[in-house]
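Have a look at the structure below, then the notes.
Bear in mind these aren't lab numbers, they're just calculated from the coordinates by the rules spelled out. The shown structure was predicted, so the numbers you read here are calculated from the model rather than taken from an experiment. Positions of Cβ are generated from backbone atoms using ideal geometry, with glycine treated the same way; all protein chains shown enter the neighbour counts.
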There are 2 protein chains.
Amino acid sequence: MIVRDLKDLKNTHRDIAHQQWTSVRMLLAEDGMGFSFHITTLATGSEHQFHYKHHLESVYCISGRGSITDLGTGETHQIHPGVMYALNAHDRHILRAEQELVMACCFNPPVTGDEVHREDGSYAPAAELEET
Amino acid sequence: MIVRDLKDLKNTHRDIAHQQWTSVRMLLAEDGMGFSFHITTLATGSEHQFHYKHHLESVYCISGRGSITDLGTGETHQIHPGVMYALNAHDRHILRAEQELVMACCFNPPVTGDEVHREDGSYAPAAELEET
């Protein structure tokens, strides 16, 4: 059994900080669960374009308020506590935080921790990272 | 993109109610994500013995307070918001809710929605269910 506390992972290699968002990787590929699990916080007023070409991701809103626009369909959905979105078709999307969003995220395949967000908003696949 | 609101799933086939806990399956196997994602609420004062012989599960505490005992090692861990436990070895365990616990749970392989908790606290594997 693995037991971890979010606050103990702050400022470790599992805590990834960008200018407008942070992500604490509570489970990574190395944990052998077959998915990774992250708590991601997006700053008030921030807007993010993401496109996970090589991963499926579900995102559940724990706190905050915002919206997501599916760039494939143009549809916008409101986000508040209790709302989950699942990118089951590698959907290119824009996420907006009207109030700081705290989100519980699951990735399949699991994130290894070595990925970087590329300019197009995607993570490289693990194989591609190994090549570079 | 799938978008679902917890409150819209209440009292649907995705909302499983037991005497001392409820579980809303926001993602099931049929959603094709490769994991399932549930919001599970355990009643204040309740105690539960679970043993997922055929699934790996991670559980993140959104709210409440309680503890988990690993019946393999005898160790007990406190649970409060921000704590996650992952049953990476099909760990037999007892979960206690001192205050109502709201937990975000990921299962691999994904739960189909047809499983039942058996007397030993496990879910049957999907294949076994199909046989019965």
Other protein chain Cβ atoms within 10 Å, averaged over every residue that makes up B:3-12: 4
field: Cα-based Kirkwood hydrodynamic radius, the protein assembly as shown, one decimal, Å
entry: 18.9
Relative frequency of Cα-Cα separations exceeding 21 Å in chain A, percent: 38
query: How large is ³J(HN,Hα), in whole Hz, for each residue of segment A:43-59 in order, when computed from phi with the Karplus curve 6.51 cos²θ - 1.76 cosθ + 1.60 and θ = phi - 60°, using x for Gly and Pro?
result: 5, 3, x, 8, 9, 9, 10, 10, 8, 8, 6, 10, 9, 9, 9, 10, 9
message: Restricting to DSSP H runs of at least four residues, report the calculated mean residue ellipticity at 222 nm for chain B, -39500 (n - 2.57) per run over all residues, nearest 500 deg cm²/dmol.
response: -1500 deg cm²/dmol
- request: Pop out the ³J(HN,Hα) list for segment B:17-27 in order, Karplus 6.51 cos²θ - 1.76 cosθ + 1.60 with θ = phi - 60°, rounded to Hz; leave Gly and Pro as x.
  value: 10, 10, 4, 10, 8, 10, 9, 9, 8, 6, 9
query: For chain B, which longest stretch is free of loop sites, where a loop site is one of the GluC sites (Glu not before Pro) that DSSP puts outside H, G, I, E and B and that has at most 12 other Cβ atoms within 10 Å?
result: B:1-74
- request: Tell me the distances, shortest first, between B:Thr44 and the same position across the other copies, using label points 7 Å along Cα→Cβ, in nm to one decimal.
  value: 3.1
message: Order these by the 10 Å Cβ neighbour count, fewest first: B:Ile39, B:Ile2.
response: B:Ile2, B:Ile39
